[in-house]
Amino acid sequence: MGIDNTFNWPAVTEKTLAIIMGGGAGSRLFPLTKERSKPAVPLAGKYRLVDIPISNCLNSGMRRIYVLTQFNSVSLHRHIGATYKFDQFSRSFVEILAAQQTPGDSSWYQGTADAVRQNLTDFLNGPFDYFVILSGDQLYRMDYRRMLEQHIEKKAELTIATIPVGRQDATEFGIMHTDAQRTITRFVEKPKDPAMLDSLRIPPSLLKELGRAPEDELYQASMGIYIFNRETLREALANKHMDFGKHVIPEALGKYRVQAHIFQGYWEDIGTIRAFFEANLALTNPLPPFSFFDATAPIYTHMRFLPGSKINGATVRQANISDGCIISDANIERAVIGLRSIIKSGSTIKNSIIMGADYYEEIRPARAGEPPLGIGSNCVVDHAIVDKNARVGNGVVVTPDGKPDKCDGPPARWSDGTDKPLWYIRDGIVVIPKGAVLPDGYWV
């Protein structure tokens with residue numbers, strides 16, 4: 001079902017400000033977040049995670065967007081500054097609001113609600129009636145106008161996007177319970193008690209309305225996507241609450257008209273290495289659950305003007321190959337190959353993500369004793385993530401076989417003079433960190 005075109009959408013979206021939360025440390029995505037913030041983590045070979053919510057906003061007609069940042073934010077700032085530019089006669093913008101110390105507050109962001117509170121004066125200075133608060137690390141495609149439409153029609157003061165999940169997954173989310181009009185009446189964070197879970201099930205009448213079987217055991221999980229009215233946001237943050245999910249939302253249920261917007265499309269919270277790995281590799285399926293091949297709602301990213309990839313005699317099955325790659329007589333099976341990836345002859349890349357590089361070899365040639373940029377000859381890379389600018393020598397084997405699901409490799413001397421691991425295993429996936437150098441014959 002599409003949006004209601006009887007709405008004066010330009011007038012509504014002009015009064016709507018989008019706020020994307022990009023400040024979290026992303027510790028569960030370490031080591032991918034060792035040198036970058038979580039929204040700046042590369043996705044699907046050529047994008048960044050933050051491109052998803054920004055593109056959803058632009059495709060929804062929302063063109064005034066703030067991104068709140070804090071940890072390891074240099075690459076995120078560079079990406080947004082290079083990508084999202086509007087002409088000088090437009091009131092559209094995608095701007096960074098970095099954490100800062102002020103005379104009134106000397107602390108960094110202490111949570112999602114605190115991050116919005118610290119910038120609330122800037123937000124309220126604009127002529128905005130509605131504030132859409134989004135996460136910077138989720139993979140989904142949503143037209144926020146449908147959520148806005150429900151918010152306005154129901155005269156809600158706060159609307160929360162929810163997604164139906166099964167009983168097992170419900171224990172890992174904040175679960176909402178609604179009445180027949182989708183007004184949220186209860187919120188329980190990660191319910192574990194069986195009796196509590198039973199009481200939170202989506203009722204059969206609402207399941208039928210959603211096109212689901214009445215006997216389905218489903219629950220409404222919060223997606224971390226909120227629409228606040230102007231005064232509601234001001235009042236909800238007139239306190240010391242640090243987090244929306246833990247503090248602001250539970251308190252709001254007794255004070256405001258709070259609606260649930262039930263979303264039934266694909267949605268993945270990219271919170272762990274395993275979730276990131278599986279979401280990327282799912283894109284290689286013949287019919288992926290999330291498709292970047294949607295001309296009606298494209299995902300935008302930085303234009304790099306790279307040449308088309310060159311493949312010299314390789315065998316490729318189920319792979320996403322980005323621009324500017326050179327692949328020579330390799331075997332690639334179910335893999336995501338990022339920008340400027342170099343893969344030499346005889347190598348096998350299987351069930352893996354190769355993030356590529358920020359530059360070609362001639363821009364930063366190998367130092368004495370280093371292998372060239374990319375994957376060398378006769379390598380095996382299986383169930384692994386090779387981060388950007390890695391140099392993998394000839395005959396290297398990277399696999400988690402026979403190792404614990406979580407461990408760190410032995411410290412090694414890096415080119416910057418520090419001693420740190422050349423590899424990590426998280427959730428059973430080997431991660432080669434950004435800029436790592438694996439010499440010829442190295443075995444992980």
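The values are calculated or read from the model by the stated rules, or taken from the named source; none is laboratory data. The shown structure was predicted, so the numbers you read here are calculated from the model rather than taken from an experiment. Ideal geometry is used to build each Cβ from the backbone, glycine not excepted, and the neighbour counts take in all protein chains shown.
Only residues that are free of Cβ contacts under 8 Å to residues at least 60 places away in the same chain and under 21 Å from the mean Cα position of the chain (by Cα): list them for the range 141-170, please.
To start, the set of residues in the range 141-170 that are free of Cβ contacts under 8 Å to residues at least 60 places away in the same chain comprises 153, 165-170.
Those that are free of Cβ contacts under 8 Å to residues at least 60 places away in the same chain and under 21 Å from the mean Cα position of the chain (by Cα): V165, D169, A170.
Does L339 satisfy the criteria of being within 24 Å of L29 (Cβ to Cβ), modelled with pLDDT of 95 or more and not in a strand (DSSP E or B)?
On the way: within 24 Å of L29 (Cβ to Cβ): yes; modelled with pLDDT of 95 or more: yes; not in a strand (DSSP E or B): yes.
Criteria met by L339.
Consider only pairs whose beta carbons are under 7 Å apart and that are at least six residues apart or on different chains; among these, list those whose first residue lies in the range 47-59 and is over 12 Å from A297 (Cβ atoms) and whose second residue is of a type in the set (K, R).
From the range 47-59, the pairs are L49/K38.
From the list G308, G374, which residue is more than 24 Å from the chain's Cα centre (by Cα), surrounded by 21 or more Cβ atoms within 10 Å (Cβ to Cβ) and of a type outside the set (S, T, Y)? Step through it out loud before you land on a result.
Details: G308 fails: surrounded by 21 or more Cβ atoms within 10 Å (Cβ to Cβ).
After applying the criteria, what remains is G374.
Kindly indicate which of D323, D387, D358 is more than 15 Å from K434 (Cα to Cα) and acidic (D, E).
Numbers: D387 fails: more than 15 Å from K434 (Cα to Cα); D358 fails: more than 15 Å from K434 (Cα to Cα).
Among D323, D387, D358, only D323 is more than 15 Å from K434 (Cα to Cα) and acidic (D, E).
Within the set of pairs 6+ apart or on separate chains, which have a first residue in the range 348-377 that is outside any loop (DSSP other than H, G, I, E, B), a second that is acidic (D, E), and C-beta atoms under 7 Å apart?
K350/E333; K350/D382; N351/D382; S352/D382
N394 fails exactly one of the following numbered conditions: (1) touching a strand residue (DSSP E or B) at 6+ places or on another chain (Cβ under 8 Å); (2) at pLDDT 95 or above. What is the number of that condition?
Answer for N394: the failing condition is (1).
What are the residues in the range 388-444 that are in a loop (DSSP other than H, G, I, E, B), on the phi < 0 side of the Ramachandran plot and surrounded by fewer than 16 Cβ atoms within 10 Å (Cβ to Cβ), if any? Outline the logic, then answer.
Restricting attention to the range 388-444, the residues satisfying the condition of being in a loop (DSSP other than H, G, I, E, B) are 388-390, 393-396, 399-406, 409-410, 414-418, 422-423, 427-428, 433-436, 439-442, 444.
Still in the list and also on the phi < 0 side of the Ramachandran plot: 388, 390, 393-394, 396, 399-401, 403-406, 409-410, 414-416, 418, 422-423, 433-434, 436, 439-440, 442, 444.
Hits for the range 388-444 are D401, K403, P404, D405, K406, P410, W414, S415, D416, T418, D440.
How many residues does the range 311-321 hold that are more than 13 Å from G338 (Cα to Cα) and within 29 Å of the chain's Cα centre (by Cα)? Even if it seems obvious, please write down each step before you answer.
Step one: of the range 311-321, the residues more than 13 Å from G338 (Cα to Cα) are 311-318.
When the remaining residues are screened for being within 29 Å of the chain's Cα centre (by Cα), the result is 316-318.
Qualifying residue count, the range 311-321: 3.
For the range 251-264, state whether one or more residues are among the aromatic types (F, W, Y), touching a strand residue (DSSP E or B) at 6+ places or on another chain (Cβ under 7 Å) and closer than 28 Å to T33 by Cα.
Pass one, the range 251-264, residues among the aromatic types (F, W, Y): 256, 263.
The next check asks that each one be touching a strand residue (DSSP E or B) at 6+ places or on another chain (Cβ under 7 Å); those that pass are 256, 263.
Narrowing further to those that are closer than 28 Å to T33 by Cα: none.
No - not one qualifying residue is present in the range 251-264.
Residue check: is V396 free of Cβ contacts under 8 Å to residues at least 60 places away in the same chain and over 26 Å from A275 (Cβ atoms)?
Details: free of Cβ contacts under 8 Å to residues at least 60 places away in the same chain: yes; over 26 Å from A275 (Cβ atoms): yes.
Against the criterion (free of Cβ contacts under 8 Å to residues at least 60 places away in the same chain and over 26 Å from A275 (Cβ atoms)), V396 qualifies.
With the structure loaded, tell me whether I327 is farther than 30 Å from Y109 by Cβ, without any contact (Cβ under 8 Å) to a residue 24 or more places away in the chain and touching a Lys or Arg at 6+ places or on another chain (Cβ under 8 Å) or whether it fails that test. First the steps, then the outcome.
Numbers: farther than 30 Å from Y109 by Cβ: yes; without any contact (Cβ under 8 Å) to a residue 24 or more places away in the chain: yes; touching a Lys or Arg at 6+ places or on another chain (Cβ under 8 Å): yes.
When the stated conditions are applied, I327 passes them.
Quick check on this structure: which one of K344, K350 is modelled with pLDDT of 95 or more and more than 25 Å from F30 (Cα to Cα)? Full working, then the answer.
Details: K350 fails: more than 25 Å from F30 (Cα to Cα).
When all the criteria are applied, what remains is K344.
Which residues, counting only those in the range 64-85, are outside any helix (DSSP H, G or I) and basic (K, R)?
Of everything in the range 64-85, those that are outside any helix (DSSP H, G or I) and basic (K, R) turn out to be R64, K85.
Testing G61 on (1) modelled with pLDDT under 95; (2) assigned to a loop (DSSP other than H, G, I, E, B), one condition comes back false. Which one is that?
Going through (1) modelled with pLDDT under 95; (2) assigned to a loop (DSSP other than H, G, I, E, B) one by one, G61 breaks only (1).
Given the condition in contact with an Asp or Glu (Cβ under 6 Å, 6 or more places away or on another chain) and under 22 Å from L43 (Cα atoms), answer yes or no: does some residue in the range 326-335 qualify? It would help to see each step written out before you state the result.
Taking the range 326-335 first, the residues in contact with an Asp or Glu (Cβ under 6 Å, 6 or more places away or on another chain) are none.
There is no residue in the range 326-335 that is in contact with an Asp or Glu (Cβ under 6 Å, 6 or more places away or on another chain) and under 22 Å from L43 (Cα atoms).
For the range 251-270, check the following and say yes or no: at least one residue is without any contact (Cβ under 8 Å) to a residue 12 or more places away in the chain and either buried (at least 16 other Cβ atoms within 10 Å of the Cβ) or assigned to a helix (DSSP H, G or I) (or both).
Taking every residue of the range 251-270 in turn, none turns out to be without any contact (Cβ under 8 Å) to a residue 12 or more places away in the chain and either buried (at least 16 other Cβ atoms within 10 Å of the Cβ) or assigned to a helix (DSSP H, G or I) (or both).
Criterion first (surrounded by 13 or more Cβ atoms within 10 Å (Cβ to Cβ) and under 27 Å from the mean Cα position of the chain (by Cα)) does R230 satisfy it?
Working: surrounded by 13 or more Cβ atoms within 10 Å (Cβ to Cβ): yes; under 27 Å from the mean Cα position of the chain (by Cα): yes.
Criteria met by R230.
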